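Structure record follows, encoded as structure tokens.
Coordinate-derived values only; no laboratory data. Every value quoted in this text rests on a predicted model; they were computed, and no experiment measured them. When we count neighbours, we look across all protein chains shown, and the Cβ atoms used for this are built from the backbone with ideal geometry, even at glycine.
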Amino acid sequence: MLLLGDIEIRRIEETVLKEPTTLFAEWRKEIEDERPSWLASDFYLPAADAFVISIHSWLLRTKRQTILIDTCGGNAKERPASPRFHHLDTPYLERLRQAGVVPEKVDYVICTHLHVDHVGWNTRLVDGRWVPTFSNATYVLSRLECEARDPKRAEPTSRRRRISSSRTASGRFSIRRRP
């Protein structure tokens, strides 16, 4: 836990991946010899020639608000095109509870972008139905990202604006421009 003024910041880890060094086009074996000592211990596995990558959310708590930045991959999702996140089964929500937060108490979810490893816990499977995980939260994401991912839209927008997306009673998101 990190305390920054009155803001408590915690990392809520979902999973850790071991990714081949080919993930980074510029990686060369020679870099291993030049690397700082801190790199090998936590982030690079020389024997496997792989990087360690944490998939996690950032939890921010103030005196008045609980904010979650990105929601990882999510459990039970059909993601055959993304095998690392296909049918995950992690204790993410339990880890969130261990940090003192239940999903219903999250006020804001900030989605930095809409990749599968950043939006997975926006919904969860309950009794065979997908329902909002953070049912009382306001979702904040970029209009550009939202429009670019909209299957009804032929071309992405070039205008960047912040939007707020709030869950309606039906469990859908309504998008409105923020002042």
> What size of dipole, in debye to the nearest 20, comes out for the range 1-117 about its Cα centre when the only charges are +1 on Lys and Arg C-beta atoms and -1 on Asp and Glu C-beta atoms?
Replying inline: 460 debye
> So how far apart, in nm, are the two label points at residue 7 and residue 116 if each is 7 Å from Cα heading toward Cβ?
Replying inline: 3.1 nm
> Given the Cα-Cα distance of residue 58 and residue 45 and 0.36 nm per residue of separation, how much length would full extension add, in nm?
Replying inline: 2.2 nm
> So which lysines can residue 63 reach, going by Cα to Cα under 24 Å and dropping same-chain residues fewer than 8 places off?
Replying inline: 105
>> If I model a spin label at residue 107 and residue 30 as a point 7 Å from the Cα along the Cα→Cβ vector, what separation in nanometres do I get?
In response: 5.2 nm
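Among 121, 27, what is the fewest-to-most ranking by other Cβ atoms within 10 Å?
27, 121
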> Of 149, 79, how do they rank once you tally other Cβ atoms within 10 Å and put the fewest first?
Replying inline: 149, 79
